[in-house]
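Only one structure is covered here, and it is reproduced in the block below.
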Amino acid sequence: METEEVQELVSGKRVLHVKGFGVGFKDPVSAELMAVQQQQDQIAVQAINRFRPDFLVVDGDPFGSGFQRYIKVYVDRQVEAGLAVPKLVWVKSVKGSSPSPEELDRNKKKAREWADQGLHVVVSWLPEAAIAKGVDRLFGEGCWEKLQGHKFDFRGAVRLLEQAEPERPEWLRGLTDTASGGTMYEAIEAVEGSTCNRYFEKCSFENAAKGNAIYQHLRGEGREPAAQGAVSFGGGESVLLEFATLYLFPGSGFDAGQAALFPFRRGRPGDPALPAHQGHVFRSEKQLSPEETTRRTRT
């Protein structure tokens, strides 16, 4: 589906971009971790329910055992209760403005895996040029070119905090203006100051820019969703950068009340400690202030 077509499809609807770890708990799961997994299942289903999405969005990921699990649990419970299941917009990046025959053939199976879970899948293609442009806009002119030639897991090609304050990206300088942004800044400091796996991976910059590009991909002149939220159930460095550059950056124009970051774990030593954020849309009525209750009613 072309950009204009998908924008028309989601215009006036409630759209929720879902992300997180691509891979979940290792099998076999111990009794202790099984309890953690079940608790996280429940939290995830509640969060998606509270947003009340007409469409779920994922960024070209194959179906797996990570955040995909929570979508599946949610879908199954909707079906069991006889309730409507949101459609899934599967946004996949391609080299050109449309997929080549090879790209089309390679991605058919991945999209079909989601359909096999009981979802009506709408495939939309995101040109790589939008991601490249986003990398330069978010992380500095020439950053995309600087990253090319490195493997996906190469660290240190871009060092955010080693730049002089005036030279840092706008979003990085503006993060500390809010409490939630401040916690994101501290998490970035932890990555760039780590004695192990120091600095961000190449793919983290690209994936964060892709998330930003998908947000814009779903919005057009006069064709905007009624509500456009984002939720991540755990996740790695790219999730941290995506939330820091868009969902929790005060200058982005995004309503942080429509975002949630749940610091889920998988029982693995390498799982990053992401800062928690739960916008008013994802909290229970009892947890809301009168002002937040009013805002939630309007959205």
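The values are calculated or read from the model by the stated rules, or taken from the named source; none is laboratory data. Computed from a predicted model, the values in this text were never measured in an experiment. Heads up, the Cβs are rebuilt from the backbone with ideal geometry, glycines too, and the neighbour counts pull from every protein chain shown. These accessible areas exclude ligands, DNA and RNA; they are computed on the full protein's heavy atoms, side chains included. Shrake-Rupley method; radii C 1.70, N 1.55, O 1.52, S 1.80 Å.
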Using the Cα centre of the range 1-126 as the reference point, and only Cβ charges (+1 on K/R, -1 on D/E), how large is the resulting charge dipole? Debye, rounded to the nearest 20. 180
Put +1 on the Cβ of every Lys and Arg and -1 on every Asp and Glu Cβ in the chain; which of Leu261, Leu138, Phe243 then has its Cα farthest towards the positive end of the dipole? Leu261
Using a 1.4 angstrom probe and counting only protein chains, how large is the accessible area of Thr3 in Å², to 10? 40
Quick shape check on the chain: root eigenvalues a ≥ b ≥ c of the Cα gyration tensor, a/c under 1.5 is rounded, otherwise prolate if a/b tops b/c, else oblate, and it reads rounded
Among all the aspartates and glutamates, which ones have a C-alpha under 15 Å from Lys110's C-alpha, if same-chain residues fewer than 8 places away are not counted? Asp59, Asp61, Glu102
What residue among Asn197, Gly60, Gln42 has its Cα farthest toward the positive end of the dipole of the chain, where the charges are +1 on Lys, Arg and -1 on Asp, Glu, each on the Cβ? Gln42
Considering only the range 54-206, what is the antiparallel percent among its DSSP beta bridges, to the nearest 5? 10
Mind checking the full-extension length gain between Phe152 and Leu33? Use 0.36 nm per residue of separation minus the Cα-Cα distance, one decimal, nm. 39.8 nm
Heavy atoms only, 1.4 Å probe, whole protein assembly: order Tyr74, Tyr185 by accessible area, highest first. Tyr185, Tyr74
Please compute the modelled spin-label separation between Ala84 and Arg112, points set 7 Å along Cα→Cβ, answer in nm with one decimal. 2.9
Accessible area per residue of the range 143-299 at 1.4 Å probe, in Å²? 46
As an exercise, use a Förster radius of 30 Å and the Cβ-Cβ distance of Gln216 and Ala273 to find the FRET efficiency, rounded to the nearest 0.05. 0.50
How high is the relative contact order of the chain? Use alpha-carbon pairs under 8 Å, at least six apart in sequence, and give a whole percent. 23
What is the gain in length, in nm to one decimal, between Lys26 and Ala164 on full extension, counting 0.36 nm per residue of separation less the C-alpha to C-alpha distance? 45.5 nm
Let me check something: with ligands and nucleic acids excluded, how do Glu141, Glu113 order by accessible area (1.4 Å probe), largest to smallest? Glu141, Glu113
Can you give the FRET efficiency to the nearest 0.05 for Ser284 and Asp177, using r as the Cβ-Cβ distance and R₀ = 35 Å? 0.80
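Among rounded, prolate and oblate, which fits the range 225-294 when a ≥ b ≥ c are the square roots of the eigenvalues of its C-alpha gyration tensor, a/c under 1.5 means rounded, and a/b larger than b/c means prolate?
Details: a/c = 2.60, a/b = 1.50, b/c = 1.74.
In terms of gyration-tensor shape, oblate.
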Whichever lysines have a C-alpha closer than 21 Å to that of Lys146, once near sequence neighbours (fewer than 8 apart) are set aside: Lys95, Lys133, Lys202, Lys210
A 32 angstrom limit on the alpha carbon distance is what I want to check against. Which of Lys109/Lys286; Lys26/Lys151; Lys87/Lys151; Lys87/Lys286 exceed it? Lys109/Lys286; Lys87/Lys151
At 222 nm, what value in deg cm²/dmol follows for the chain if DSSP H runs of at least 4 each add -39500 (n - 2.57) and the sum is divided by all its residues, to the nearest 500? -13000 deg cm²/dmol
Need one word for the range 1-62: rounded, prolate or oblate. Basis is the Cα gyration tensor (sqrt eigenvalues a ≥ b ≥ c); a/c below 1.5 gives rounded, then a/b vs b/c decides. oblate
Quick one: which residues, 5 or more positions from Val123 or on another chain, have an amide H under 5 Å from its amide H? H modelled 1.01 Å from N in the peptide plane, none for Pro or chain starts. Trp90
For the range 19-61, which trypsin sites (Lys or Arg not before Pro) are in a loop by DSSP, counting at most 14 other Cβ atoms within 10 Å? Lys26
Quick one: putting +1 on the C-beta of Lys and Arg, -1 on the C-beta of Asp and Glu, what dipole do you get for the range 186-299 around its Cα centre, in Debye to the nearest 20? 360
Sorted by chain and number, the residues with a modelled amide H under 5 Å from that of Val29, at a separation of 5 or more or across chains, are none
Heavy atoms of Arg106: accessible area, 1.4 Å probe, square angstrom to 10: 130
Hey, any idea what % of the chain's accessible area is carbon plus sulfur with a 1.4 Å probe? 49
How far is the Cα center of the range 32-52 from the Cα center of the range 158-187, in Å? 31
Toward the positive end of the charge dipole of the chain, about the Cα centre and with charges on Cβ (Lys, Arg +1; Asp, Glu -1), which of Tyr215, Ile188, Val73 goes farthest? Val73
